[in-house]
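The values are calculated or read from the model by the stated rules, or taken from the named source; none is laboratory data. The model shown is predicted, which means the values in this text are computed figures rather than measured ones. Neighbour counts run over all protein chains shown; Cβ positions are idealised from the backbone, glycine included. All accessible areas refer to the heavy atoms of the entire protein, side chains included, with ligands and DNA or RNA removed. Shrake-Rupley method; radii C 1.70, N 1.55, O 1.52, S 1.80 Å.
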Amino acid sequence: SRAIKKSNRASNNNAHTNNTITIKGTTVTATAKSGYYFSSWDDVSSVPDNNSDTFTINAHFAAYKVTYNYNYNGAPANATADYASGFKLINASRTGYTFDGWYTEASGGSKIGGSETAYTPSSNITLYAHWTKNSYKCHNK
């Protein structure tokens, strides 16, 4: 919340674009914490038109979403999680394969991390599991 000094009000003096709002000649910018993004302002029509010198307009924020794609035929459905403080990547397992980590692309891409790696997204993102097929040696007697 932010109290803003009141000046002469005209309905065309209230405007907002993304995370910046100008009301009655005062401009305020809402800055999101890491892992979150600005989502909206309170309705500016709620600004009082009386003799009060301050009013409150709230900025609203939302957590980025991380979608996990297990990246193989017959895989479980994608999992989705909202970022929260202390966020860690989930574990993935697949019979006959070793989990190599979560990547930005289904093939190639940049490695974000492995199971239980701390991670702070900077946008909504889909991460893809990468796998290495296990190999086994048979010994005949």
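When only residues in region 80-89 that are open to solvent by less than 80 Å² (accessible area, probe 1.4 Å) and modelled with pLDDT under 95 count, which is nearest to Ala106 (Cα to Cα)? Looking at the filtered set, the residue picked out is Ala81. Within region 94-112, the residues that satisfy the criterion of being at negative phi and part of a loop (DSSP other than H, G, I, E, B) are Arg94, Thr95, Thr104, Glu105, Ala106, Ser107, Ser110.
Each residue in region 113-124 was checked for being outside any loop (DSSP other than H, G, I, E, B) and open to solvent by 40 Å² or more (accessible area, probe 1.4 Å), and 1 of them qualify. In region 97-119, the residues that are touching a residue at least 12 places away in the same chain (Cβ under 8 Å) and among the polar types (S, T, N, Q) reach residues that are outside any strand (DSSP E or B) and loosely packed, with under 12 Cβ neighbours inside 10 Å with C-beta atoms within less than 7 angstrom, at least six apart or across chains, in these pairs: Thr98/Asn134; Thr104/Ser110; Ser115/Asn91.
Among the residues making up region 65-93, a single one is outside any loop (DSSP other than H, G, I, E, B) and aromatic (Phe, Trp, Tyr): Tyr68. Filtering Asn19, Asn71 for residues that are out of contact with any helix residue (DSSP H, G or I) (no Cβ under 6 Å at 6 or more places or on another chain), surrounded by 13 or more Cβ atoms within 10 Å (Cβ to Cβ), modelled with pLDDT of 85 or more and of a type outside the set (Asp, Glu) leaves a single hit, Asn71.
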